[in-house]
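Worksheet for the structure shown next.
Read the figures in this text as sums done on the coordinates, not as results from a lab. Please read all numbers here as calculations on a predicted model, not as lab measurements. Cβ coordinates were reconstructed from backbone atoms using ideal geometry, including for glycine residues, and neighbour counts include every protein chain displayed.
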Amino acid sequence: MTFSVDEEFAQRLDTEDPLRSFRHRFHLPRGNNGEPLIYFAGNSLGLMPKSAREIVEQELDDWADLGVDAHLKGKTAWYSYHETLREPIARVVGAQPNEVICMNSLTVNLHLMMATFYRPTKSRFKILMEEPAFPSDTYAIKTQITHHGLRTKEALILARPREGQFTVQTEEILDLIEKSADELAVVLIGGVNFFTGQLFDIPTITDAARKHGITVGVDLAHAIGNVELLLHDWNIDFAVWCSYKYLNAGPGAVAGAFVHERHATNTKLPRLAGWFGNDPDTRFRMHLEPEFIPVPSADGWQISNPPILSMAPLRASLAIFGAAGMDALRQKSIKLTNYLQFLLESEPDGQSKKQYTIITPRQADQRGCQLSILAREHPKELFTKLEAADVKCDFREPNVIRAAPTPLYNTFHDV
């Protein structure tokens with residue numbers, strides 16, 4: 001598409017947008033002038049679906065009216081509440097329903113997955129990650145390494161951008177896999193990098209690793225609800241995600257995990273167990289059945305009963321995703337982000353090149369909603385000016401502003 005800097009052009013794109021009605025399904029925060037903010041911070045916290053309030057209030061009403069009986073007699077029974085999320089979340093990540101479970105927080109789920117899939121031996125004990133990875137992943141992986149009595153300096157391999165570049169080339173990752181194939185136990189990649197917005201080539205990296213028998217895990221915090229995913233077909237071993245960014249499930253909302261069917265149905269795999277991962281036929285025999293019998297699905301990694309009030313808003317959001325469809329959302333996202341790049345680079349006399357650089361890959365298939373903009377001069381002052389103009393982005397030290405036009409509720413006129 002040929003873009004234009006004219007405001008009327010943006011308004012025409014919004015008129016032609018088949019997803020334009022979905023914006024009205026969300027609460028839009030308001031700025032100082034009482035008008036909706038230009039909200040480009042869905043990569044940090046997605047906006048609230050209007051339908052979430054009714055769903056949460058229903059759970060509060062059931063608690064008030066039924067007490068403990070709401071576990072089985074509530075409008076949506078609490079005991080099996082996680083099952084209401086199974087099929088819709090499976091569609092979003094491209095998985096079979098028995099491969100996914102909504103539970104815990106992302107980092108807790110990462111530790112649970114590593115307890116199963118990181119089983120270091122004398123010869124194969126290393127973990128490959130990208131740099132920079134999200135800090136919580138780095139903390140988790142380093143502590144997993146030390147938990148096994150190993151040293152991070154020896155066990156952690158980092159794929160870094162080449163000198164003068166901002167993103168990690170796929171070839172660099174593939175090269176590191178080949179060089180360390182006999183020593184690598186796990187490759188853990190962020191699906192979309194939190195800092196640069198780079199979308200990694202997950203299927204190519206997975207093929208390269210699994211060819212050598214290396215386990216592959218993916219952190220989907222910035223990828224789920226953002227880009228199209230085919231976790232089952234890509235043959236990755238496990239994935240984890242949160243749901244408060246592009247999935248719009250609210251602060252601290254329930255996270256999730258994917259375990260490929262070949263592992264999910266293997267009840268012999270080691271794991272850290274909890275009572276809700278146990279066979280539901282014997283779950284309530286409790287002390288009469290002291291041995292853990294895992295559910296032969298991703299449910300077998302569940303450790304606690306469903307957190308109802310942090311699951312309820314996700315039901316609202318996933319219904320919206322089901323109505324919109326990831327394919328249509330991705331198409332609009334690409335157009336929004338391309339348009340933002342065009343406008344940022346349309347400053348007269350090349351001023352934009354002097355003032356800032358977009359460090360997110362230019363190719364649409366190598367990024368999601370987010371553009372990361374490196375400000376060359378006075379970055380915090382620039383960010384403050386954006387906020388004063390009722391534009392909500394976020395800032396990452398030392399000099400990067402992240403802007404994420406989200407297709408469910410952002411418009412071309414916002415951009």
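Of the residues TYR356, ILE157, GLN302, the one whose Cα sits farthest towards the positive end of the charge dipole of the chain is ILE157 (charges of +1 on Lys and Arg Cβ, -1 on Asp and Glu Cβ, taken about the Cα centre).
Bridges between two residues of region 98-238, per DSSP, are antiparallel at a rate of about 5%. For the residue pairs LYS122/LYS179; LYS126/LYS335; LYS153/LYS245; LYS142/LYS385, the C-alpha atoms sit more than 28 angstrom apart in LYS126/LYS335; LYS153/LYS245; LYS142/LYS385. Each part reduced to its alpha carbon centroid, region 17-45 and region 213-280 end up 29 Å apart. Sorting 334-340, 382-388, 253-259 by average packing, meaning the other beta carbons within 10 Å per residue, from highest down gives 253-259, 334-340, 382-388.
Below 8 Å, C-alpha to C-alpha, sequence gap of six or more: please give me the relative contact order for region 320-415 in percent. Walk me through the numbers before you get to the answer.
Details: 109 pairs, mean separation 28.3, N = 96.
It comes to 30 percent, rounded to a whole number.
Placing +1 on the Cβ of every Lys and Arg and -1 on the Cβ of every Asp and Glu, with no other charges, gives region 36-142 a dipole of roughly 720 debye about its Cα centre.
Please give the peptides 365-371, 181-187 ranked by average Cβ packing (other Cβ atoms within 10 Å per residue), highest first, as a rough proxy for protection.
Listed from highest to lowest mean packing, they are 365-371, 181-187.
Beta bridges from DSSP with both residues in the chain: antiparallel share about 55 percent, rounded to the nearest 5.
Extending 7 Å from Cα along the Cβ direction at ASN266 and again at LYS122 yields two label points whose distance is 2.3 nm. Each Lys and Arg Cβ is given +1 and each Asp and Glu Cβ -1; about its Cα centre, the chain then shows a dipole of about 680 debye. Summarising the strand pairing of region 173-271, around 40 percent of its internal DSSP beta bridges are antiparallel. Extending 7 Å from the Cα toward the beta-carbon at both PHE284 and ALA389 defines two label points whose distance is 6.0 nm. In the elastic network of the chain, a GNM with C-alpha springs shorter than 10 Å, the most mobile of ASP233, ASP390, ASP281 is ASP281. With the highest mean first, a sort of the peptides 195-208, 213-226 on other beta-carbon atoms found within 10 angstrom per residue produces 213-226, 195-208. Modelled this way, with points 7 Å down the Cα-to-C-beta line, the labels at THR170 and SER44 are 3.2 nm from one another. For THR360, the residues whose amide H sits under 5 Å from its own are SER372, ignoring neighbours fewer than 5 places away on the same chain, with H placed 1.01 Å from N.
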